[in-house]
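In what follows, a structure is listed as structure tokens, so that the remarks can point back to it.
The values are calculated or read from the model by the stated rules, or taken from the named source; none is laboratory data. From a predicted model like this one, the values you see are computed outputs, not experimental measurements. Cβ: placed from backbone, ideal geometry, glycine included. Neighbour counts: every protein chain shown. Side chains are part of the model used for accessible areas, which takes the heavy atoms of the whole protein and leaves out ligands, DNA and RNA. Shrake-Rupley method; radii C 1.70, N 1.55, O 1.52, S 1.80 Å.
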Amino acid sequence: MKDRRNFKVLFNPTQDQRLEREPLLAFSFYLSGKNNILLSLSDTIIEQLDEGFSDRKNLNINLIGEASSSFWFWSLGAYEVVRTISQAKDCFSTTFIDKINTLKKQLSIVRMPSAKMEEQGRKKPVNSNRSPDDWKINSKDLLVGSPDNPISARYLIELYDQTLCSLTPTDVIKRHEESY
């Protein structure tokens with residue numbers, strides 16, 4: 001996940017070089033920064049899961065717990081970044097918006113039970129006497145969201161990463177302010 005884009009480090013990049021590296025800047029400087037924080041947090045969560053589950057006989061529950069807590073924040077932030085992009089659909093290519101809408105559906109499966117403690121799309125509570133997630137030790141993963149419909153944390157992180165990193169400068173048509 002660390003090699004998101006193969007760019008050499010530039011000390012004084014031109015505007016075009018910045019946009020090539022971070023196309024979301026053309027939409028919103030603010031949102032691009034939040035996306036970068038989420039991508040960095042993604043790396044941290046994956047590292048914590050890898051290390052926490054590395055010894056199957058002696059799991060590092062502190063690292064797994066930190067990954068779980070961080071993932072809760074990550075899922076809320078990721079949903080909000082994706083929701084903002086989705087609402088400003090006229091600012092992006094239809095190809096990119098299709099990818100964003102797919103990602104948004106997957107993130108909402110986790111967001112509703114985690115943030116609102118409700119089943120997605122229903123006014124039905126999720127059991128509040130539950131673990132925040134299940135552990136899938138063999139794949140060093142967390143199963144998150146509703147206990148009745150869990151989803152892989154690694155899958156969501158990878159889908160977010162792939163989707164946001166697929167954005168190109170030509171996918172950004174207008175700035176955020178122009179969406180109103």
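When every residue of the range 138-145 is checked against the conditions, none turns out to be open to solvent by less than 20 Å² (accessible area, probe 1.4 Å), within 30 Å of F29 (Cα to Cα), small (G, A, S) and at pLDDT below 95. Exactly one residue out of S86, S70 is of a type in the set (S, T, N, Q), part of a helix (DSSP H, G or I) and over 19 Å from D134 (Cα atoms), and it is S86.
For a quick check of your reading of the model, give me the residue pairs whose first member lies in the range 30-46 and is among the charged types (D, E, K, R), whose second is in a helix (DSSP H, G or I), with beta-carbon atoms closer than 6 Å and at least 6 apart or on different chains. Hits for this filter: K34/V81.
Keeping to the range 147-180, report how many residues are out of contact with any strand residue (DSSP E or B) (no Cβ under 9 Å at 6 or more places or on another chain), crowded, with 19+ Cβ neighbours inside 10 Å and closer than 13 Å to V110 by Cβ. Matching residues across the range 147-180 total 2.
Counting only residues that are acidic (D, E) and surrounded by 14 or more Cβ atoms within 10 Å (Cβ to Cβ), which one in the range 30-69 is farthest from L156 (Cα to Cα)? Lay out the reasoning, then the answer.
Taking the range 30-69 first, the residues acidic (D, E) are 43, 47, 50-51, 55, 66.
Cutting the leftovers down to surrounded by 14 or more Cβ atoms within 10 Å (Cβ to Cβ) gives us 43, 47, 51, 66.
Numbers: D43: 13, E47: 15, E51: 19, E66: 17 Å.
Out of the qualifying residues, it is E51.
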